[in-house]
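Below is one structure; the comments refer to it alone.
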There are 4 protein chains.
Amino acid sequence: MAGNTIGTLFKVTTFGESHGEALGCIVDGVPPNMALCEEDLQIDLDRRRPNGSRYTTARREEDKVQILSGVFEGKTTGTSIGLLIKNSDQRSQDYDQIKDRFRPNHADYTYQHKYGIRDYRGGGRASARETAMRVAAGAIAKKYLKEQFGIKVNAFLSQMGSIKVAPQYTANLEKMDWQQVNNNPFFCPDEKAIPQFDELIRNLKKEGNSIGAKITVIAENVPVGLGEPVFDRLDADLAHALMSINAVKGVEIGDGFDVIEQTGTQHRDEITPQGFKSNHAGGILGGISSGQPIIAHIALKPTSSIAISGDTVDINNQAVEIVTKGRHDPCVGIRAVPIAEAMMAIVLLDHLLRFKAQCK
Amino acid sequence: MAGNTIGTLFKVTTFGESHGEALGCIVDGVPPNMALCEEDLQIDLDRRRPNGSRYTTARREEDKVQILSGVFEGKTTGTSIGLLIKNSDQRSQDYDQIKDRFRPNHADYTYQHKYGIRDYRGGGRASARETAMRVAAGAIAKKYLKEQFGIKVNAFLSQMGSIKVAPQYTANLEKMDWQQVNNNPFFCPDEKAIPQFDELIRNLKKEGNSIGAKITVIAENVPVGLGEPVFDRLDADLAHALMSINAVKGVEIGDGFDVIEQTGTQHRDEITPQGFKSNHAGGILGGISSGQPIIAHIALKPTSSIAISGDTVDINNQAVEIVTKGRHDPCVGIRAVPIAEAMMAIVLLDHLLRFKAQCK
Amino acid sequence: MAGNTIGTLFKVTTFGESHGEALGCIVDGVPPNMALCEEDLQIDLDRRRPNGSRYTTARREEDKVQILSGVFEGKTTGTSIGLLIKNSDQRSQDYDQIKDRFRPNHADYTYQHKYGIRDYRGGGRASARETAMRVAAGAIAKKYLKEQFGIKVNAFLSQMGSIKVAPQYTANLEKMDWQQVNNNPFFCPDEKAIPQFDELIRNLKKEGNSIGAKITVIAENVPVGLGEPVFDRLDADLAHALMSINAVKGVEIGDGFDVIEQTGTQHRDEITPQGFKSNHAGGILGGISSGQPIIAHIALKPTSSIAISGDTVDINNQAVEIVTKGRHDPCVGIRAVPIAEAMMAIVLLDHLLRFKAQCK
Amino acid sequence: MAGNTIGTLFKVTTFGESHGEALGCIVDGVPPNMALCEEDLQIDLDRRRPNGSRYTTARREEDKVQILSGVFEGKTTGTSIGLLIKNSDQRSQDYDQIKDRFRPNHADYTYQHKYGIRDYRGGGRASARETAMRVAAGAIAKKYLKEQFGIKVNAFLSQMGSIKVAPQYTANLEKMDWQQVNNNPFFCPDEKAIPQFDELIRNLKKEGNSIGAKITVIAENVPVGLGEPVFDRLDADLAHALMSINAVKGVEIGDGFDVIEQTGTQHRDEITPQGFKSNHAGGILGGISSGQPIIAHIALKPTSSIAISGDTVDINNQAVEIVTKGRHDPCVGIRAVPIAEAMMAIVLLDHLLRFKAQCK
């Protein structure tokens, strides 16, 4: 119980079900005197929002966020900030058929067994809709990081199915063209990959199937010193935050699983008076930021809700078949790009504040 | 600051530097009336300990653990348990040459910049020696999980460099021969892989280099219901705990990064009245245990301390070369097997207690 | 920063300023399958609400609470519960004159110096209006405690100024007539004291002054075993929760400050096979509930906002005089009765859940 | 479970039973580069220690503290500090007779019922001996507060039984002669009260009885801004920390329970350009330090262990009589003076670090 809070000094607590009255969030620990308005949050919420394009769900949500406290005359006051997004366009009737049966790969089975009750409408609390509040809270963190420290947090879709962004785009992340990333619905830096992604999604839609994806998240201008060993290491807290995103099954820092086959001489980032020669470490050494860009990768499983019939059981453990109707993204990875940015920003701000506490 | 505690109800706090007086740990939240003695902890400490074999460091440490509180007449009392391991065999003079220069891939650089001071002897707090206390605390968790719930946590070395354990050993983890895993210095279930690992380590020793590794951790008999969405999800907390282990750069739950190329029909674990048909999810759905085995994989970078000269800077940012002397494992992944078990056990017990709080 | 959360397993996080858009709260850790509706919370909110009587402020607030999540088809689901109360009847213009000057005894001075900015309207976040959400959250805790464990939490006004409730009413708290307490605007068990309280308040209103008060809080049917020494003792956590209520300057458990003059033989509650002979300890021994009623007393300072001119400084540290206008209770202690109940209930439920985690 | 940690950024975790192997503590969050040695801690430990005088217990403990980590070449490194005090002079046989019966006013009853087992020797974990580690950790906090911020934390015995320190000593706490306080075994600023305390203790010893006491704690030079409303208010956290001390039954901030009879005009501390005119608030407004001295009072119950026979039950709920033998202080309040200082210092440093995190 009580698992809906993240952070120590910058603390985010959320509530809300997919088809409930509203989603909400309390963002506690925002430093005072930062200019903040709803539009600052709306930008990222709109990036996460299903945009009516054929790539994502047809569900139309306004995701209009309200700031209810903690801001006075356009500035943060240092007190807790209450955020609210009212739910609209809820076609709950779509979900009547899953009331009594567990969709494979979904949280239906575990929520029912854990709590003995579940809000089955749209996945209830387990719906990715919950992540809207993460994006809103993350937008506050991103704004503070950028304005006060010049820290920029960005992410892009680096792979969908077997289609990868071309190596030249990922070889030097510091030269990434973020405008290009954000002007296409796939958050893709590689123009040539876009039509391939497009075709893959079309085909999956036709067959009613879904696909996994990989996202890369980068934070630039992070000062050396963030992270509190041995348990609240920066990498450990990032792994926690990123793995807490719906559908994420893997987290890498820097070279991640590639390190298995690396030798010590290949992996170590040698140092010169001008800086590190390479960044295999992903900007974190010993759990503390090194001053290099922080780089993380996450793997997202294919959307659970698919239109191809599968075997499952009902609430009485009787064998049944299930086809998930409703409006669903064939690839949840796409919309997870701003969510991944948000979670990294939340962790970085929390650690930045903890680091400031230590400084003279 | 204050990052040396993990857990909510089962709480582990540690201290100790590689070449300080002692390592210590406070294990808080151990349920009362469990039989416990030092030997229960020593078993796992001995598994982690450099054993004098040619595969690991030549340093000889007794790692003899003392229980200083919380146990009365052989049983836990419910109060906090103090653990202590005195350091011995400290050849601090080995480290004089790194006093003023930063070993690449090490935490020297970040500790110095974060704190403005560092205990450079043997890596100080950033040394893997710190993990001895994790293993001791984890042994308590493992004992309780096993005795009270039949939950068994085990790990094995699944890959070193490009050498992988043969697929038949990993295809059905529930049939793993753990006795075989634990009777060889590589924690390897595949007899044929052992001589290959052996040869790889010999060659690396010769050239003074090191190599990465992959470890697989499995928990069996975990009941459905552990995990507290949306942030204290079981997978998120496991990712945190496993990524907090020295040298870990990646964490996967279930199929991990393989999910990127999977379709929804491939990935979803269909359900029958007899149980799940497969376990791509790694035993966790929606952040909650499903009753299937929990499966995680971690990637460990090659040992940072190598005998091949590399470029770095000294404390005045002057270019220097460095060769790490001292006694070091060519593959830290080997000794990390019991550490990974410990961290998974710590997280599972914490969540088990949180789950019990919810139950009637 | 980030001080707006209380609790470990039953966790309450709040936001909201006196004259902002709304007050809100996230209640996390409510066990599933408890019947819950808005009316359950409204009962206590109405007890706290200024009721238009001459004893409390003339401000009319509906304090209508909405449940936005965590309840499905009338039952709690185990997920976080979002609560919202919209602010109405905000006469912010009343506060223009205090924009630039610090009301003595208020938080104006400290908020301004801490944050460099403050929402001065009605005291902003420091207003007692914030406590509405505590009462709402506490009502959930009270309901669960009562239904699942028969634990009843009640409070009454035991003193206002020098007027005390007659000794016969406080000698045996277990025989208190709670119906009598709740059917008068002073939460007073002593019918004869009511007209005296009434007269005191009338006189204070006339002169524009205010008065302190004492509240006694009792929890009955609390099982033995709640409290987690040595820091999360039940008495320590109660002291924290009760002292966190606006205007509270003192907290006592059991005999409280009277123990200073007691001898060991006077104070100790001897035990017989039928139970304790007395309850000087207030139901807590060694930080753990003893099975006897939990008894606490709190002292509340006189209302800070008074109509008698006083000396202060403005934001530029210039000497000015101030008279607080607006609608204010002459005795904040009265309305604090349901707040004190709420805080005790929140702590008890948190500890009850922690205790359950320990049990087999 | 897991109640042995206090603090957010400055975190203290303790272990140890009265008659176990050792007491220990992990102090996490000590800023780096502070000079620190064992003698710094020993000074306060010696103030707490039974000194062989007739005023306190005849038990002789060396209470020799060891620093096991976190300090390198005489300076703190920013990593967790492990502290250890070995127990000696344990006459456990003294306690055999209480093995099966519950001493009234003690924690015997509640520990046995909570955990189903208890280390009965000397009260086990519930013994005031546990507070030695608080004093050691508090000494670190005091040193940092004093050296870095000029904050001084001191306490004195203000009342024992009905004997109070004369008013002139408490009227202006900022002029207190701390040298006088610390050069007598009663921590008493009033020379005339000392022989009265002395006589009271002698008489109590003769009759085998005990007495309560009151301690006043003051922190000077505390900057404005410490405290994180609405729950982690400075007063609330002080109440928590002070109430967590063994035998404490009441906590007051500033005028405490006297506020009940005060009017608004009496209580409010008016402000002038030169500062506050008075300090009824005890240096805290709205949960945030005001820049005035922080003042708190605590009430300590009479020692539980007395030599006068009393009624109780044994572990089988059979009526028995009990006389507590062993070596016990007739007034636990005396030795609690340095403990109270320690707890206030721990809270202040924690909040100072949290405040620094907020600052630019």
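Read-outs throughout are calculated quantities, based only on the coordinates presented, and are distinct from any laboratory measurement. This one's a predicted model, so the numbers in the text were calculated from it and none came from an experiment. We place every Cβ from the backbone using ideal geometry, glycine too, and count neighbours over all the protein chains shown.
Values for this structure:
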{"quantity": "Fluctuation leader among D:Ala307, D:Ala299, D:Ala342 - chain D, Gaussian network, Cα springs under 10 angstrom", "calculated": "D:Ala307"}
{"quantity": "D:Val323 paired with B:Gln180, simple spin-label distance in nm, labels 7 Å along Cα-to-beta-carbon", "calculated": "7.1 nm"}
{"quantity": "Environment charge at A:Arg335 (Cβ cut-off 10 Å; Lys +1, Arg +1, Asp -1, Glu -1)", "calculated": "+2"}
{"quantity": "Cut-off 15 Å, label 7 Å out along Cα→Cβ of C:Gln97, residues of segment C:320-341 by amide N", "calculated": "C:320-328"}
{"quantity": "Ellipsoid semi-axes in whole angstrom, largest first, where each is sqrt(5λ) of the Cα gyration tensor of chain C", "calculated": "33, 26, 19"}
{"quantity": "Average other protein chain Cβ within 10 Å of Cβ, residues D:219-225", "calculated": "2"}
{"quantity": "Nearby lysines by direct alpha-carbon distance to B:Lys99 (threshold 19 angstrom, same-chain neighbours under 8 apart not counted)", "calculated": "B:Lys114, B:Lys325, D:Lys75"}
{"quantity": "Copies compared at C:Asn221 - label distances in nm, ascending, label defined 7 Å from Cα in the Cβ direction", "calculated": "3.8, 5.5, 6.0"}
{"quantity": "Calculated FRET efficiency for the pair C:Ser278/D:Asn316, C-beta based, R₀ 22 Å, to 0.05", "calculated": "0.45"}
{"quantity": "Charge sum, other residues only, whose C-beta stays under 10 Å from C:Tyr109's C-beta, Lys/Arg counted +1 and Asp/Glu -1", "calculated": "+2"}
{"quantity": "Ranked list, fewest to most other Cβ atoms within 10 Å of each Cβ, for D:Lys175, A:Lys249, D:Lys143", "calculated": "D:Lys175, D:Lys143, A:Lys249"}
{"quantity": "Extension gain (nm, one decimal) between A:Phe149 and A:Asp198, 0.36 nm per residue minus Cα-Cα", "calculated": "13.9 nm"}
{"quantity": "Axis proximity, chain C to B: residue whose C-beta lies nearest, plus whole-Å distance", "calculated": "C:Ala357, 2"}
{"quantity": "Relative contact order for segment C:173-286, counting Cα pairs under 8 Å that sit 6 or more residues apart, in percent", "calculated": "14 percent"}
{"quantity": "Spin-label pair C:Lys164/C:Gln112, simplified geometry with 7 Å Cα→Cβ offset, distance in nm", "calculated": "4.0 nm"}
{"quantity": "Order of A:Glu191, A:Glu39, A:Glu261 under a 10 Å beta carbon neighbour criterion, fewest first", "calculated": "A:Glu39, A:Glu191, A:Glu261"}
{"quantity": "Copies compared at B:Asn33 - label distances in nm, ascending, label defined 7 Å from Cα in the Cβ direction", "calculated": "2.4, 5.3, 5.8"}
{"quantity": "Long-range amide H partners of D:Ala22 with built H, under 5 Å", "calculated": "D:Glu17, D:Asn87"}
{"quantity": "Cα-only radius of gyration and Dmax that characterise the protein assembly as shown, units Å", "calculated": "31.1, 95"}
{"quantity": "Segment B:79-88 - phi-based ³J(HN,Hα) in whole Hz, Karplus 6.51/-1.76/1.60, Gly and Pro as x", "calculated": "8, 5, 9, x, 10, 9, 10, 7, 7, 9"}
{"quantity": "Integer Hz, Karplus 6.51/-1.76/1.60 couplings in order for segment B:144-150, x for Gly and Pro", "calculated": "5, 4, 6, 6, 8, 10, x"}
{"quantity": "Total formal charge among the other residues, if their Cβ is under 13 angstrom from that of C:Gln318, Lys/Arg +1 and Asp/Glu -1", "calculated": "-3"}
{"quantity": "Other-copy label distances relative to A:Cys359, 7 angstrom Cα-Cβ extension, nm", "calculated": "1.2, 4.8, 5.0"}
{"quantity": "Mean ellipticity per residue at 222 nm, deg cm²/dmol - from DSSP H runs of n ≥ 4 across chain B, formula -39500 (n - 2.57)", "calculated": "-9000 deg cm²/dmol"}
{"quantity": "Residue-averaged beta-carbon neighbours from other chains (10 angstrom radius) around C:296-304", "calculated": "6"}
{"quantity": "Neighbour-count order for B:Val347, A:Val71, fewest beta carbons within 10 angstrom listed first", "calculated": "A:Val71, B:Val347"}
{"quantity": "Per-residue mean of C-beta atoms belonging to partner chains within 10 Å, peptide B:202-215", "calculated": "3"}
{"quantity": "Total lysine pairs under 30 Å (Cα atoms) in segment A:116-239, excluding pairs fewer than 8 apart on one chain", "calculated": "27"}
{"quantity": "Where labels lie 7 Å past Cα in the beta-carbon direction, separation of D:Ile43 and A:Cys359 in nm", "calculated": "3.1 nm"}
{"quantity": "Degrees separating the helix D:332-358 axis from the principal Cα axis of chain D, which is the longest one", "calculated": "40 degrees"}
{"quantity": "Cut-off 14 Å (backbone N to label point 7 Å along Cα→Cβ of D:Asn33), residues of segment B:301-320", "calculated": "none"}
